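Input: a single structure, listed below in structure tokens.
The values are calculated or read from the model by the stated rules, or taken from the named source; none is laboratory data. None of these values were measured; they are calculated from a predicted model. Cβ coordinates were reconstructed from backbone atoms using ideal geometry, including for glycine residues, and neighbour counts include every protein chain displayed. The area values use the complete protein model at the heavy-atom level, side chains included, leaving out ligands, DNA and RNA. Shrake-Rupley method; radii C 1.70, N 1.55, O 1.52, S 1.80 Å.
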Amino acid sequence: MDTGRRTLRIDLRRNRDRMVREQIEARGIHETSVLRAMRAVPRHLFVEEALIPQAYEDHPLPLGHGQTISQPYVVAWMTWLLDVAPDMKVLEIGTGSGYQAAVLAEMGARVYTVERIKPLLETAQRRLADLRYTQVRFKLDDGTLGWPEEAPFDRILVTAAGPVIPDPLVEQLADPGKMAIPVGPSKRGQTLMLLEKQNGRVTTRDMGGVMFVDLVGRHGW
Ligand code: SAH
């Protein structure tokens, strides 16, 4: 056994436990299923090697192609807001590193994730297969169109921000259903919207300021 490697593994596990305690629980998220999933998914395997020492720090990280893996707290917060339960069908727009998809899969969801940048999608697909998250399905496409063949979805989670909530996503949300989506211009003024559909009615709530990369859609925005 290579002692160096073992020590690194123990350190990473310790960093991950500390991340959950200090960044997530300390900010008021106590839902056991979310905390358990955040403790279980090895976030350091979703970043490039040079960034491994920063994998459990309290900020987003670059993942190439001008994109970022969200700050751990934001992943936990969105997952918690959506009330994800085992066997739910969950659509994620913006696969990126695959980390958020792994957290959803760890919670027992059936995950459908859409990404527009092929190399990112392929890397994420490989990582999730290596980690045995077999209930995740992938699609290379413009996620503003959703995934009509697989609709309706109990939950929809969008991890990039556009100027509006795309209509196809609202249409593909189940009733009852919940969607979390950041809306607004990049780098400033975005808010996370929580949309709920119930008895044919759609309500939206503004959950506060966030910062995501651009949702690049075919709608010409
Ligand atoms: N959920 C990711 C974070 C991804 S960053 C993670 O856990 O790592 C946002 C991602 O959304 C980027 O990879 C970007 O390429 C993707 N994206 C932006 N617009 C998109 C669109 N219209 N359809 C699909 N993916 C899109």
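All of A129, A124 fail the test of being hydrophobic (A, V, I, L, M, F, W, C), closer than 25 Å to E48 by Cα and open to solvent by 30 Å² or more (accessible area, probe 1.4 Å), apart from A129. For the range 48-65, the criterion of being within 16 Å of the ligand (Cβ to nearest atom), open to solvent by 70 Å² or more (accessible area, probe 1.4 Å) and on the phi > 0 side of the Ramachandran plot is met by at least one residue. Looking at the range 66-83, which of the residues that are of a type in the set (S, T, Y) and near the ligand (Cβ under 9 Å from one of its atoms) is surrounded by the most Cβ atoms within 10 Å (Cβ to Cβ)? Ranking the qualifying residues of the range 66-83, first place goes to S70. Checked against (1) open to solvent by 10 Å² or more (accessible area, probe 1.4 Å); (2) in contact with a strand residue (DSSP E or B) (Cβ under 6 Å, 6 or more places away or on another chain), P163 passes all but a single condition, namely (2).
The residue of the range 82-118 that is nearest to the chain's Cα centre (by Cα), among those that are under 20 Å from Q71 (Cα atoms) and of a type in the set (G, A, S), is A101. If you take the residues of the range 84-121 that are more than 18 Å from V47 (Cα to Cα), out of contact with any helix residue (DSSP H, G or I) (no Cβ under 8 Å at 6 or more places or on another chain) and open to solvent by 40 Å² or more (accessible area, probe 1.4 Å), which of them is nearest to the ligand (Cβ to nearest atom)? Only one residue fits best here, namely R110.
Among the residues making up the range 148-159, those that are under 17 Å from the mean Cα position of the chain (by Cα) and more than 12 Å from the ligand (Cβ to nearest atom) are F153, D154, R155, I156. Among the numbered conditions (1) at pLDDT below 95; (2) within 11 Å of the ligand (Cβ to nearest atom); (3) not polar (S, T, N, Q), the only one that L145 does not meet is (1).
When the range 189-221 is examined, which residues are found to be hydrophobic (A, V, I, L, M, F, W, C) and modelled with pLDDT of 95 or more? Matches in the range 189-221: L192, M193, L194, L195, V202, M207. The strands (runs of 3 or more DSSP E) located wholly in the range 15-134 that include 2 or more residues which are under 26 Å from T204 (Cα atoms) and among the charged types (D, E, K, R) occupy 89-93, 110-115.
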